[in-house]
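The structure appears below as structure tokens.
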Amino acid sequence: MLSEASLQKIEELKTKYPTTQAMTLPVLWMVQEEHGFISPEAMKYVADLLKVSYGHVFGVVTFYTMYNARKIGKHHIEVCTNVSCMLRGSGKIVEHLEHRLGIKMGETSRDGTWTLSEVECMGSCGTAPMCAVGEEYYENLNPEKVDSVLNKLQ
């Protein structure tokens with residue numbers, strides 16, 4: 001399931017972590033980078049590889065929003081809806097994105113281009129509302145700025 005290069009990295013990580021359980025996050029990140037998401041089969045693979053329970057791996061994948069337990073679109077839009085963003089208009093941003101993309105929060109477009117997700121605080125409270133698309137943050141959003149971001153990505 002993992003490339004030879006990733007398996008080598010895991011061997012190197014074993015020298016830096018006190019237990020294989022402590023390596024769960026970086027190993028899951030490797031799986032997601034190689035496959036785009038972490039399937040139930042991949043969770044079982046990681047559990048076996050690290051000699052930890054499937055429940056532990058499943059718990060990590062479903063707890064952290066950085067891990068995707070299902071296939072996501074080419075562009076993953078994560079909208080913060082925590083207090084600061086909510087008070088500064090993230091609800092309007094969500095409505096605008098749902099209308100523009102033709103999907104609801106938590107869905108992926110039929111063509112596989114867009115996935116829209118709700119996330120908790122992303123540490124941009126002073127520049128709320130915000131969203132992330134992949135590794136890029138977009139702050140002080142309004143519908144016009146959202147359209148500008150989407151137009152650049154298409």
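The values are calculated or read from the model by the stated rules, or taken from the named source; none is laboratory data. What you are looking at is a predicted structure, and each value in this text was computed from that prediction instead of being measured. Please note: Cβ atoms are built from the backbone with ideal geometry, for glycine as well, and neighbour counts cover all protein chains shown.
Each row is one residue, and each column tells you yes or no for (1) over 17 Å from the mean Cα position of the chain (by Cα); (2) in the same structural domain as residue 17 (by TED's automatic domain parsing); (3) not in a helix (DSSP H, G or I).
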| site | (1), (2), (3) |
| --- | --- |
| 44 | yes, yes, no |
| 91 | yes, no, no |
| 100 | yes, no, no |
| 105 | no, no, yes |
| 132 | no, no, yes |
| 141 | yes, no, yes |
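Looking at (1) out of contact with any Pro (no Cβ under 8 Å at 6 or more places or on another chain); (2) under 30 Å from residue 128 (Cβ atoms); (3) surrounded by 13 or more Cβ atoms within 10 Å (Cβ to Cβ), which is the only condition residue 88 fails?
Among (1) out of contact with any Pro (no Cβ under 8 Å at 6 or more places or on another chain); (2) under 30 Å from residue 128 (Cβ atoms); (3) surrounded by 13 or more Cβ atoms within 10 Å (Cβ to Cβ), residue 88 violates only (1).
Taking the residues in the stretch 89-125 that are aliphatic (A, V, I, L, M) and at pLDDT 95 or above as candidates, determine which candidate is nearest to residue 77 (Cα to Cα).
116
Any chance you could count how many residues in the stretch 51-80 are more than 15 Å from residue 115 (Cα to Cα), at pLDDT 95 or above and either touching a helix residue (DSSP H, G or I) at 6+ places or on another chain (Cβ under 9 Å) or crowded, with 16+ Cβ neighbours inside 10 Å (or both)?
Qualifying residue count for the region: 10.
Considering only residues that are over 17 Å from residue 89 (Cβ atoms), in contact with a helix residue (DSSP H, G or I) (Cβ under 8 Å, 6 or more places away or on another chain) and not β-branched (Val, Ile, Thr), look in the stretch 105-149 and name the one that is surrounded by the fewest Cβ atoms within 10 Å (Cβ to Cβ).
Here the answer is 109.
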